[in-house]
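Have a look at the structure below, then the notes.
The values are calculated or read from the model by the stated rules, or taken from the named source; none is laboratory data. A quick note: this is a predicted structure, and the numbers were derived from the prediction, not measured. Here the Cβ positions follow ideal geometry from the backbone for every residue, glycine too, while neighbour counts run over all protein chains shown. When the accessible area is computed, the model is the full protein with side chains, heavy atoms only, and any ligands, DNA or RNA have been set aside. Shrake-Rupley method; radii C 1.70, N 1.55, O 1.52, S 1.80 Å.
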Amino acid sequence: MSETVIDIENAVVSYREDVALRGVSLKVGSGEFVGIIGPNGAGKTTLLTIVNGLGKLLSGRVWVLGHYLTPGNGHSLRKKVGYVAQVQNIDPRMPMNVREVVMIGRYGLLGLLARPGKHDWKVVDEMLALVGMSHLARRPIGHLSGGEQQRVAIARCLAQEPRLFLLDEPTASLDWKAQTDILELVKQIHDSRHLTTLFVTHDLNCLPVACDRIVLMKEGLIWGEGSPSELLTDNNLGRLYDMPVSEVKKRRGENILV
Ligand code: ATP
């Protein structure tokens, strides 16, 4: 494996009575594109949270980009980690345009009280061009489609100049064309900017093409990891979701995987 950038050992995380991670160990090498899948409540978001320096460990160790996660250092870790969440409901009256929202990504580097300079606006405009959103740079952020909103979220994340690219179901609630476009964009950005990417999704159709490795999660544990072709078999998926894949296909009237 290439240089390790994430090393999680036996991480246990709980939210009061709910144990979200029950002893998760995972190593990720620089430049890897890792897809994380599993049923609702499996602990996927919580796993991203601890990589992002936000989670509270009950036990275990999390090492990211040369630093162990401790209660005090989440903030410095987050500067190097970009995070894109699901499409959000944004109030159409929100008084910010697309360009200003992307600038928010720079504030971790600049400090909240600093005024962005020419260079910062240049980075913002480059990121908007990269995600194909230059033409909507002055539009209010609340006036975008879900797919456009996700492009802006990706641009904001890149404006931060992260080394790790975490995406938590970024294609949820998008139509299939927008889902495919966003996944292709993420993959292209991953390759061209030499990022290390963790991509959580329920979209089993698009994901395998992009991934070097798949991590399957269930009930707060890593249930399997390996190449998409090894892991994403009907048998494994049926056991992961507690339902035969043939039944899912029948109910949805569509193909899952090939
Ligand atoms: P989904 O696919 O539904 O997004 P997930 O695999 O991302 O699920 P998590 O969101 O990590 O799963 O949740 C794992 C467990 O932790 C669940 O049982 C959930 O109810 C619980 N949990 C997550 N966040 C919180 C929170 N802030 N407070 C209390 N419990 C939480």
A11 passes all but one of (1) within 16 Å of the ligand (Cβ to nearest atom); (2) under 30 Å from Q179 (Cα atoms); which number fails?
(2)
Determine the pairs where a residue that is without any contact (Cβ under 8 Å) to a residue 60 or more places away in the chain, located within segment 213-234, has a partner that is among the acidic types (D, E) and not in a strand (DSSP E or B) with Cβ atoms under 9 Å apart, the partner being 6 or more residues away or on another chain.
G224/E230; S227/D212
Quick check on my filter: what residues within segment 222-241 are within 20 Å of T45 (Cβ to Cβ) and not in a helix (DSSP H, G or I)?
I222, W223, G224, E225, Y241
Among the residues of segment 138-165, write down those that are farther than 21 Å from R193 by Cα and open to solvent by less than 10 Å² (accessible area, probe 1.4 Å).
I141
Which residue is farthest from the ligand (Cβ to nearest atom), if the candidates are limited to segment 33-52 and must be more than 13 Å from the chain's Cα centre (by Cα) and surrounded by fewer than 22 Cβ atoms within 10 Å (Cβ to Cβ)?
P39
Select, from L69, L77, the only residue that is over 30 Å from T233 (Cα atoms), buried (at least 21 other Cβ atoms within 10 Å of the Cβ), over 18 Å from the mean Cα position of the chain (by Cα) and more than 13 Å from the ligand (Cβ to nearest atom).
L69
Within segment 56-66, the residues that are of a type outside the set (G, A, S), open to solvent by less than 60 Å² (accessible area, probe 1.4 Å) and more than 22 Å from E3 (Cα to Cα) are L57
For residues in segment 182-203 being open to solvent by 20 Å² or more (accessible area, probe 1.4 Å) and within 13 Å of the ligand (Cβ to nearest atom), which is nearest to V64 (Cα to Cα)?
H202
Can you list residue pairs whose Cβ atoms sit under 9 Å apart, with the first residue in segment 33-61 being over 29 Å from M243 (Cβ atoms) and the second being β-branched (V, I, T) and near the ligand (Cβ under 7 Å from one of its atoms)? Count only pairs 6 or more apart in sequence or on different chains.
G55/T46
Could you tell me whether segment 166-181 includes any residue that is in a helix (DSSP H, G or I), open to solvent by less than 60 Å² (accessible area, probe 1.4 Å) and touching a Ser or Thr at 6+ places or on another chain (Cβ under 6 Å)?
yes
Over segment 16-32, the set of residues open to solvent by less than 10 Å² (accessible area, probe 1.4 Å) and over 18 Å from T197 (Cβ atoms) is L21, V24
Scan segment 89-123 for residues that are open to solvent by 80 Å² or more (accessible area, probe 1.4 Å), under 20 Å from L144 (Cβ atoms) and assigned to a helix (DSSP H, G or I) and jot them down.
none
